[in-house]
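Notes to accompany the following structure.
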Amino acid sequence: MLRMLKKMDGVILFVMLLLMIISVFAIYSGTQTDANLANHHVKTMYFYVAGFIAVLVIGLVNYKLYVKYAFYLYGLGIILLILANVLGSSINNANGWLKLGENFSFQPAELFKMILILFLAHLIVKRQRGTLKFWRDIVPIGCWAFIPFALVMAQNDLGNALGYVVILAAVFWIGNMRLKHALIALAIMGVAFFGFVKAYTFYHDEVFTFLEKIKREHWAERIDPWLVPEKATSKASWHTKNAGLAIGSGGIIGKGYLQGTSVQSGRVPYTYSDSIFVVIAEEFGFVGASVLILLYFILIHRMVLIALACRDRAGPVIIVGIIGMLLYQVFENVGAFLGLMPLTGITLPFISYGGTSLLINMACIGVVMSIKLYGQEEDDELLMGEQQPRLSERLWNMLKKEKSAV
């Protein structure tokens, strides 16, 4: 076991340690003025300890087992999503939280990100080598991904639902999707996006009335400051406007730790979770924010190197899926406060407070470590539900080959 632990990627583990330090200090800064949140930085340390244990335990198990039994994980995940729809409680307009006791709750939608990556890798690997066929491969795989997407959308969780779409797109890309299919998909998404922007801005009042009827008016409150700021209410623009001012006031080197005026005065909400990037940008400035982005870059770079060194098909698919998931969360979270994306409530990976999100992300790092340890084995050792020849059958085949050669 010690020999296997030494083979794990030390750079990734060091980056995770640095992210833990940044997270704990940033959460403390964002919660010190609120007595109800006073121990969140301590809880984060506990979550990180559990996360590092998960990295080691998951990393020591051959990831091919996760891929082999991914169908059962998928079924379990769907059951949890259904339970969250029926029995889940609501936090920040999302209805997908399952409570385990009085002090602990978790979000199945976060867990399903990892499950979806493993399940899509399972489906991709079971296909024969070569490009993915549209009707035989892309459509069926897309249908499998649409089921959790629909369930999470029903939970009023647009951020995580879009994360599934990004994961699917990343897996299709690494799974050798035909270029013409990729170009057609990009064209459709481009037309749909610009059509949505045009329709939303031109028929804004009608869209807002419709969202009110279906009790989704908070979607408009998040989209308005991004697309039509002149029509956004003061309530809708309060979060992003103050966050942008706080980021800008941080300058090059920031105002100093615990000295962020917007953060410490409470003008920016959710500074311990969704808005934690604002804490870093205001108190440590452009330099601090750049260091954080650099750590993400190093983390993803190491993942890419592990994927390139992997000799089977499942490993790279899993890693690209994880990279897509992390990039989406970082770009969405940071971009929302820079005016590039709408505010969807997505947490900043490894930095924001949240036990479910952190543990799932750490578990994904554990899978990456497993690929680092076991990714040198050939594809034929990956059992994807196909019965392998018994030893006696293989010996008999060898004898037949030798006999025919004579």
Check: If the Cβ limit is 8 Å and pairs must be 6+ apart or interchain, which residue in the stretch 249-265 that is on the phi > 0 side of the Ramachandran plot pairs with which residue that is open to solvent by 20 Å² or more (accessible area, probe 1.4 Å) and of a type in the set (S, T, N, Q)?
Finding: L258/Q32; L258/Q264
Note to self: Among the residues of the stretch 199-213, are any within 25 Å of the chain's Cα centre (by Cα) and open to solvent by 30 Å² or more (accessible area, probe 1.4 Å)?
What the structure shows: no
Checklist line | Single condition V406 does not satisfy, out of (1) modelled with pLDDT under 85; (2) open to solvent by 70 Å² or more (accessible area, probe 1.4 Å); (3) closer than 30 Å to V268 by Cα | finding: (3)
Next item on the list: Among the residues of the stretch 223-258, write down those that are modelled with pLDDT under 90 and open to solvent by 60 Å² or more (accessible area, probe 1.4 Å).
Entry: W226, P229, E230, K231, T233, S234, K235, W238, K241
Next item on the list: Pick out the one residue from A314, A309 that is of a type outside the set (V, I, T), over 25 Å from A145 (Cβ atoms) and at pLDDT below 95.
Entry: A309
Next item on the list: Would you be able to tell me the number of residues in the stretch 1-43 that are closer than 30 Å to Q264 by Cβ and among the acidic types (D, E)?
Entry: 1
Margin query: Which numbered condition in (1) surrounded by 20 or more Cβ atoms within 10 Å (Cβ to Cβ); (2) farther than 23 Å from V317 by Cα; (3) of a type in the set (A, V, I, L, M, F, W, C); (4) modelled with pLDDT under 95 is the only one that A70 fails?
Written below: (2)
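The values are calculated or read from the model by the stated rules, or taken from the named source; none is laboratory data. Keep in mind it's a predicted model, so treat the numbers as computed, not measured. Positions of Cβ are generated from backbone atoms using ideal geometry, with glycine treated the same way; all protein chains shown enter the neighbour counts. All accessible areas refer to the heavy atoms of the entire protein, side chains included, with ligands and DNA or RNA removed. Shrake-Rupley method; radii C 1.70, N 1.55, O 1.52, S 1.80 Å.
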